[in-house]
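Engineer: Okay, handing you the structure first.
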Amino acid sequence: MQEGTMELMWRTSHMSGGNVHYVEDLYERYLVDPNAVTDEWRNYFDTLPRHDGSPSQDVPLAPIREQFYEMGRTSRRPATVAAGESNENKKQVRVLQLINAYRFRGHQKADIDPLGLRKPAPIPDLELSFHQLSAADMDVEFQTGSLFLGKEVAPLKEIHAALEQTYCRSIGAEFMHIVNTEEKRWLQQRFESVRSKPNFSRDVRHHVLERLTAAEGLETYLASKYPGTKRFGLEGGESFIPMMDELIQRSGKYGTKEVVIGMAHRGRLNLLINLLGKSPSELIEEFDGKKQIAKGSGDVKYHQGFSSNVMTPGGEVHLALAFNPSHLEIVSPVVEGSVRARQDRREDTEGDTVLPISIHGDAAFAGQGVVMETFQMSQTRAYKTGGTLHLVINNQVGFTTSREDDARSSEYCTDIAKMVQAPIIHVNGDDPDAVLHAAQVAIDYRQQFKRDVVLDLVCYRKRGHNEADEPSGTQPLMYAKIKTQKTARELYAARLVEEGVLTAEETQHLVDQYRADLDAGNHVANALVKQPNTGLFVDWAPYLGHEWTGDADTSMDMKHLQALAQKMCEVPDGISVQRQVNKIYEDRRKMAAGGMPINWGFAETLSYATLVDGDNPVRITGQDVGRGTFSHRHAVIHNQKDGNIWVPLQHIKDGQATFTIHDSYLSEEAVLAFEYGYSTTMPTALVIWEAQFGDFANGAQVVMDQFISSGESKWGRLCGLTMLLPHGYEGQGPEHSSARLERYLQLCAEHNMQVCMPTTPAQIYHLLRRQVIRPLRKPLVVLTPKSLLRHKEATSTLDELAGGRFEMVLADKGNLEASKVKRVVLCAGKVYYDLAGYRAEQGREDVAVIRVEQLYPFPKEELQAAIADYENLEQVMWCQEEPLNQGAWYQSQHHMRQVADQHRQGLGMSLAFAGRPASAAPAAGYMSVHNEQQRQLVDDAFNK
Ligand code: AMP
């Protein structure tokens, strides 16, 4: 539209939706350069309130945009406002602006801090004068625009009062950063229609007080019985319990069947006892230090998870509180993974049946990067769960670090959530009615829009970080105020008495009753189902109680295997396959027919075909997994004509198990945590996370340390997660060579996980099948090759796939005469091919090369068997590509030494090392140095 036409429209007609964007554009241009618009427009824009002449800062564009949006709604209610029109009409625009200013910035003025310590800077936009309105306008009637006031016209004083009540009382709502107008309107309606304060019935408020009483009662009880014992109490944040209660009950009403909760230590015991229904006597046993566990290390009580079923208005709901390490935020993506697994099990693609609730502390929510990573996953294909309910127990201090100056640079601890346009509802923890309302809006929003939402429960921490801490040493003013603070329960009880809702006796009765129940050891979670419906969750019984074994029958009928192999190479007509990919599939067809040696990519993908054919779902994620970092997998075919994809492994047979493969966004930490959560919830599945390069897994070290390697020992939670970590010294420099084998081996003990370095296609095939076919569920770390993906010696036959199994040790099956062997070179991974090549070249008959394909659990017996025939053996060498201080040498030599020692009835054998010299970096940056080192270590293996 030409500007001249617009001017005409502006002067002569009401604004309508279509031209609002045009006006917005003009305004944006004006803000950048006032001379970029005509005089008439400039004159009009000049009349809009400005703070100090710096438009981009002081007149936020968004309120203006909103204002015009409102004006654009005039097809329903014309706002007869135009530049150059009457003063009255200009005022109408200003009123609309005022409304939007409250929607944008009302939260900054809201009374959300129970301690009253928050001192926000003055907010000029919320002053009438800022909008050139004054007391004289208070009785003038204006159109209410989109304000949900229940009337189209109201005096300014009523509009103003509604805005103050809605946006500046106990709820501070941030939602104007949301772009989607429908969502924004929905939220406005929910807050404005009740002025953020619904009239709850007596029963509802009685129930809220009862839950608050429970929250306080438990802490009081534990404080009196175990003074000074660490419990990370909820005191100061008791409203958390009625809030969670409402979230669970209301989600049940929506038909949710499972709720998975992740939280750190603060308030955890309270949640366990008062909502999840853990038996108080069990907790007491833990406090008394009596509780014993059969196996493993166990964990402290405030890290324990729990499962139970509760009754809701919509039926029984299964609750699962995830086990949590001391790391404060890493459990969030674990919860997401667990939720997604449950949704997949229920074939729920919308997220209707399983709800994730992630509970955070303010300091960690603002501080830890994995929070961002978890938000980033929230709408992606691989990781979305239909929206997560985030709840921040915001006690305004992080251990001893104060909110002001030190804890963050952002205004709120929740600001990161804006990156996914999540609505953020700050609520004063001392106003339980507001807490209830906030909870209802949050859960309703999640169900409606299937997006993340944040509840910021602003409260305080009555004691120190734990009960043995004295907080006034570091936060004197805050704690001086806290000492004078009445509890949320006391305040609410007094309010209900004052409003005539309950009598003082009734409120006291709740206190006495709760205490009596605790004393009697009764369950105090009133919705607990005593005979839970076990059909609501997965039955892990088939996987429990298995001792470690490396054996599994992974063989398969040859005909069936070939049929699967052919099937997984089928690409329907009409799909245009890219030239190199086509060649790969052509070769695979030949391999399936037995006409070509089998390579890695074929064997690996065939293992997936056999699993989905046999009812085991397969899920693979990681950066570039569809193709494979080194282009070996090509499990996803991209039609060159239209970009659509075809995944052959999803078309193996009707009714097959699911095959899911997704390239991940560029995260390691959250993604690996997610897959840990997924695999600990889906025992039937082969769940794989692949690192782009093995060393990148170091960004997810916390997941390895605190979940994968130790989760079974700490919490008895089994996990069959598989990690594929590309590894191998190919001269690519310090960063892309080593997957840091030593790190994984260092974490190995008590048969906690498996670390393998398969060297043939048949080996990876059987290893992946073994991981699922055995009922044992143990994490599997696989160091996968790079150059071996195309190495002409690294091939297998169909017979080896059909009839073989995963060999933990590959003995030297060459043509060596056993009696001539004087030296055994043990190795793992790709270096085997260098060693074998050297031996062939040199014609050495005195050296056997044995591959240890599984480094942990170390296959001693198999290795013993592999060297048993070498009666003239004098020397055992361990050869590795990694430097001396890395790789398997320091972590595994005691196992090898034992085997060497026991050879020849304990006559003993020395064990020597061939590898790169000790090095600070994993590998050399120069190809020439790499080559020389590689040559030397192979030479050493034979001759040193
Ligand atoms: P959940 O649905 O996570 O609450 O789990 C329900 C029940 O299944 C738990 O109480 C455990 O008995 C069992 N269970 C869940 N996950 C695992 C696991 N990873 N390893 C062993 N048992 C599990």
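Engineer: What's the angle, to the nearest 10 degrees (0 to 90), between helix 61-72's Cα axis and the longest principal axis of the chain?
Structural biologist: It works out to around 60 degrees.
Engineer: Just tell me which aspartates and glutamates come within less than 19 Å, Cα to Cα, of Lys151; anything on the same chain fewer than 8 places away is out.
Structural biologist: The qualifying aspartates and glutamates are Glu70, Asp137, Asp139, Glu141, Glu164, Glu192.
Engineer: If amide H atoms are built 1.01 Å from N in the plane of the peptide, which residues on other chains or at least 5 residues away come under 5 Å of the amide H of Gln754?
Structural biologist: Leu780, Val781
Engineer: Moving on. By average Cβ neighbour count within 10 Å, what is the ranking of 176-182, 391-397 from highest down? If you can, show how the numbers build up before the last one.
Structural biologist: On the way: 176-182: 14.0, 391-397: 25.3.
Answer by packing, highest mean first, reads 391-397, 176-182.
Engineer: Right, next: Please state the equivalent ellipsoid semi-axes for the range 840-944: what are the square roots of 5 times the Cα gyration tensor eigenvalues, largest first, in whole Å?
Structural biologist: Whole-Å semi-axes of the equivalent ellipsoid: 26, 17, 11.
Engineer: Additional query: At q = 0.07, 0.09 Å⁻¹, what is the log10 ratio I(q)/I(0) for the chain, with the Debye formula run over Cα points and no solvent?
Structural biologist: The calculated log intensity ratios at q = 0.07, 0.09 Å⁻¹ are -0.71, -1.02.
Engineer: Based on alpha-carbon centroids, what's the gap between the range 106-172 and the range 484-502 in Å, whole number please?
Structural biologist: So the separation of the two Cα centres works out to 27 Å.
Engineer: Net charge near Arg743: determine it from the other residues with C-beta under 13 Å of the C-beta of Arg743, scoring Lys and Arg +1 and Asp and Glu -1.
Structural biologist: Taking every other residue near Arg743 into account, the sum is -3.
Engineer: Another one. What full-extension length gain, to one decimal in nm, is calculated for Asp642 and Ser410 as 0.36 nm per residue of separation minus the Cα-Cα distance?
Structural biologist: 79.1 nm
Engineer: Figure the gain on full extension for Val153 and Thr401 (residue separation times 0.36 nm, minus the Cα-Cα span) and round it to one decimal in nm.
Structural biologist: 84.4 nm
Engineer: Same structure, new question: Once both axes come from the Cα atoms, what is the angle between helix 3-12 and the longest principal axis of the chain, in degrees from 0 to 90, rounded to 10?
Structural biologist: 40 degrees
Engineer: Using DSSP to define loop residues, name the trypsin sites (Lys or Arg not before Pro) in the range 622-683 whose beta-carbon has at most 14 other beta-carbon atoms within 10 Å.
Structural biologist: Working: sites: Arg627, Arg633, Lys641, Lys653; in loops: Arg627, Arg633, Lys641, Lys653.
Here the sparse-neighbourhood loop sites are Lys641, Lys653.
Engineer: Right, another one. Over the range 765-866, what portion of Cα pair distances is larger than 17 Å, expressed as a whole percent?
Structural biologist: Of all Cα-Cα distances in the range 765-866, 60 percent exceed 17 Å.
Engineer: Which FRET efficiency, nearest 0.05, do Asp348 and Asn89 yield, Cβ-Cβ r, R0 56 Å? Could you put the intermediate results ahead of the total?
Structural biologist: Values: r = 52 Å, r/R0 = 0.92.
After rounding to 0.05, the efficiency reads 0.60.
Engineer: Next question, about the same structure. Under the Karplus relation 6.51 cos²θ - 1.76 cosθ + 1.60, θ = phi - 60°, what is the ordered set of whole-Hz ³J(HN,Hα) values for the range 155-166, x standing for Gly and Pro?
Structural biologist: Values per residue, Gly and Pro as x: x, 4, 5, 6, 4, 4, 4, 4, 5, 4, 5, 5 Hz.
Engineer: Going Cα to Cα from Lys157, which lysines come in below 16 Å? Please leave out same-chain ones fewer than 8 positions away.
Structural biologist: Straight-line reach from Lys157, under 16 Å: Lys91.
Engineer: Taking the Cβ of Lys820 as the center, what net charge do the other residues with Cβ under 15 Å away carry, scoring Lys and Arg +1 and Asp and Glu -1?
Structural biologist: Counting the neighbours of Lys820, the net charge comes to -3.
Engineer: Just subtract the alpha-carbon distance of His894 and Asp469 from 0.36 nm times their residue separation and send over the number in nm, one decimal.
Structural biologist: 148.6 nm
Engineer: So how tilted is helix 87-109 from the main axis of the chain? Cα-based, degrees 0 to 90, rounded to 10.
Structural biologist: Orientation of helix 87-109: about 50 degrees from the principal axis.
Engineer: Okay, next question. Given the pairs Lys559/Lys590; Lys278/Lys530; Lys792/Lys944, which are separated by over 18 angstrom at their Cα positions?
Structural biologist: Lys792/Lys944
Engineer: Using 7 Å Cα-to-Cβ label points, what is the Thr38/Gln132 separation (nm, one decimal)?
Structural biologist: Each label point is offset 7 Å from its Cα along the Cβ direction, giving 2.0 nm.
Engineer: Ranked highest first by average number of other Cβ atoms within 10 Å, how do 849-861, 867-879 line up?
Structural biologist: Result, highest mean Cβ count within 10 Å first: 849-861, 867-879.
Engineer: Pairs of alpha-carbon atoms within less than 8 angstrom and 6+ residues apart define the contacts here; what relative contact order does the chain have, in percent?
Structural biologist: In percent, rounded to a whole number, it is 9.
Engineer: For the range 708-759, evaluate the Debye formula with one uniform point scatterer on each Cα (no solvent term) and list log10 I(q)/I(0) at q = 0.22, 0.25 Å⁻¹, rounded to two decimals.
Structural biologist: Summing over Cα pairs of the range 708-759 leads to -0.88, -1.03.
Engineer: Using the Kirkwood formula on the Cα atoms of the range 571-618, what hydrodynamic radius do you get, in angstrom to one decimal?
Structural biologist: Result for the range 571-618, one decimal place: 12.0 Å.
Engineer: In addition: What FRET efficiency comes out for Ile575 versus Thr684 if R0 is 25 angstrom and r is the Cβ-Cβ distance? Round to the nearest 0.05.
Structural biologist: Efficiency at R0 = 25 Å is approximately 0.25.
Engineer: Distance cut-off 27 Å, Cα to Cα: go down the list Lys653/Lys830; Lys225/Lys462; Lys290/Lys483; Lys301/Lys486 and report the pairs above it.
Structural biologist: Long pairs (Cα-Cα over 27 Å): Lys653/Lys830; Lys290/Lys483; Lys301/Lys486.
Engineer: Here's something else I'd like to know. Evaluate the distance, in nm, between pseudo-label points positioned 7 Å from the Cα of Val140 and of Ser297 along their respective Cα→Cβ axes.
Structural biologist: 7.0 nm
A short reminder: the numbers here are calculations on the coordinates, not readings from a lab. Nothing here was measured: the structure is a model prediction, and the numbers come from that model. As a convention, Cβ positions derive from the backbone with ideal geometry for all residues, glycine included, and neighbour counts pool all protein chains shown.
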